[in-house]
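Heads up, the thing below is written out as structure tokens.
The values are calculated or read from the model by the stated rules, or taken from the named source; none is laboratory data. For clarity, every value in this text was computed on a predicted model and none was experimentally measured. Because the Cβ atoms are built from the backbone with ideal geometry, glycine has one as well, and the counts that use them run over all protein chains shown. Surface accessibility is based on the protein's heavy atoms, side chains included, excluding ligands, DNA and RNA. Shrake-Rupley method; radii C 1.70, N 1.55, O 1.52, S 1.80 Å.
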Amino acid sequence: QVRLVESGGGLVQPGGSLRLSCAASGIDVSKNAWAWYRQAPGKQRELVALITNFESTSYGESVKGRFAIFRDNAKNTVDLQMNSLKSEDTAAYYCNAPFPLHRPWGQGTQVTVSS
């Protein structure tokens, strides 16, 4: 059974950085594409960053140049480095395989950017 556990969120000031981590069990992260998503209150879940099986990455326009997605095969995790955070980055963040390969969603990790 696949289980995804996100961590690393918290309260950070605008301009700050956070690194989120997604620990996967029941699946080998090296053999799949992975993505980070976020959902702000009252908004739909949106894809933030994607890493393919071949290590190519892509990002949503709003985070391009500020966020970076990494895969650590030894730890079986998928991380998201977030720099230059803005108030509009405030959301719950989730990792998952990209649609249509979604696995059961984890609980997410809350990121709040506020002074």
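Solvent-accessible area per residue in the chain equals 53 Å², computed with a 1.4 angstrom probe and all protein chains kept.
With θ taken as phi - 60° and the Karplus curve 6.51 cos²θ - 1.76 cosθ + 1.60 applied, the whole-hertz 3J(HN,Hα) list for segment 66-80 is 10, 10, 9, 9, 10, 10, 10, 5, 5, 8, 6, 10, 10, 10, 10 Hz, x standing for glycine and proline.
Over 21 Å, how big is the tail of the calculated P(r) for the chain, in percent of all Cα pairs? Pairs farther apart than 21 Å: 29 percent. For the chain, the tally of Lys pairs with Cα-Cα distances below 27 Å comes to 6, considering only residues 8 or more apart or on different chains. What part of the accessible area of the chain, given as a whole %, is carbon or sulfur when the probe is 1.4 angstrom? Reported share for carbon and sulfur atoms: 52 percent. Taking trypsin sites (Lys or Arg not before Pro) as exposed when DSSP calls them loop and at most 14 other C-beta atoms lie within 10 angstrom, the chain has its longest site-free stretch at 1-42. In a DSSP loop and with at most 13 other Cβ atoms within 10 Å, the chymotrypsin sites (Phe, Trp or Tyr not before Pro) in segment 1-105 are Phe54, Trp105.
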